[in-house]
Amino acid sequence: MHRSTSLPDLADAVAAVAADRRHAAGVTLVAGALDRAADPRLDDAGEVLLDERRAPGSRRGEAHRLAAAVERLDRAAHRCRRDGDHTGYVLGFQAARALSALHFLVRDGGEALADVAYEAVMVCGATEPVIAELVGGRR
């Protein structure tokens, strides 16, 4: 398994994904981020992701709604932090990052793979699993 803790290695892994595989790689990363976040506030995101997987670009009209939802999740997470609920802050932050990854994918398709990958790293807290997904996708 490929091991790394650096963002430059993540950037290299993203750059190595062939253009015709970038969207599929983004779908895989978003699915993993949503699974890791496991937040019930993200339940509707699965349907959007499924549609995006089936027909890339079909949910582009959802981009503004997704961006607003990310903003709401970020604000809620920061309220938790301010109130001393650190668990709520971390979980809310992860949910916002997972939804942000979906937003980038829906808005920009495979061109947003670097943004999707970075948000996926923020959800899982490490570059290794994201790089492994990207590298594994080339096998």
Residues in segment 16-58 that are of a type outside the set (Gly, Ala, Ser), part of a helix (DSSP H, G or I) and open to solvent by less than 20 Å² (accessible area, probe 1.4 Å): how many? 7
Which condition number does Leu29 fail, the rest of (1) of a type outside the set (D, E, K, R); (2) touching a helix residue (DSSP H, G or I) at 6+ places or on another chain (Cβ under 8 Å); (3) modelled with pLDDT under 95 being met? (3)
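Per-residue answers, yes or no, for (1) touching a residue at least 60 places away in the same chain (Cβ under 8 Å); (2) open to solvent by less than 60 Å² (accessible area, probe 1.4 Å); (3) in a helix (DSSP H, G or I):
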| residue | (1), (2), (3) |
| --- | --- |
| Ala68 | no, yes, yes |
| Asp74 | no, yes, yes |
| Ala77 | no, yes, yes |
| Gly84 | no, yes, no |
| Gly92 | no, yes, yes |
| Ala95 | no, yes, yes |
| Ala101 | yes, yes, yes |
| Glu111 | yes, no, yes |
| Ala114 | yes, yes, yes |
Could you check segment 125-139 and list, in sequence order, the residues that are in a helix (DSSP H, G or I), surrounded by fewer than 19 Cβ atoms within 10 Å (Cβ to Cβ) and hydrophobic (A, V, I, L, M, F, W, C)? Ala132, Val135
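The values are calculated or read from the model by the stated rules, or taken from the named source; none is laboratory data. Worth saying up front: this structure is predicted, and the values here are computed from it rather than measured. Ideal geometry is used to build each Cβ from the backbone, glycine not excepted, and the neighbour counts take in all protein chains shown. Protein only, heavy atoms only, side chains kept; ligands, DNA and RNA dropped before computing areas. Shrake-Rupley method; radii C 1.70, N 1.55, O 1.52, S 1.80 Å.
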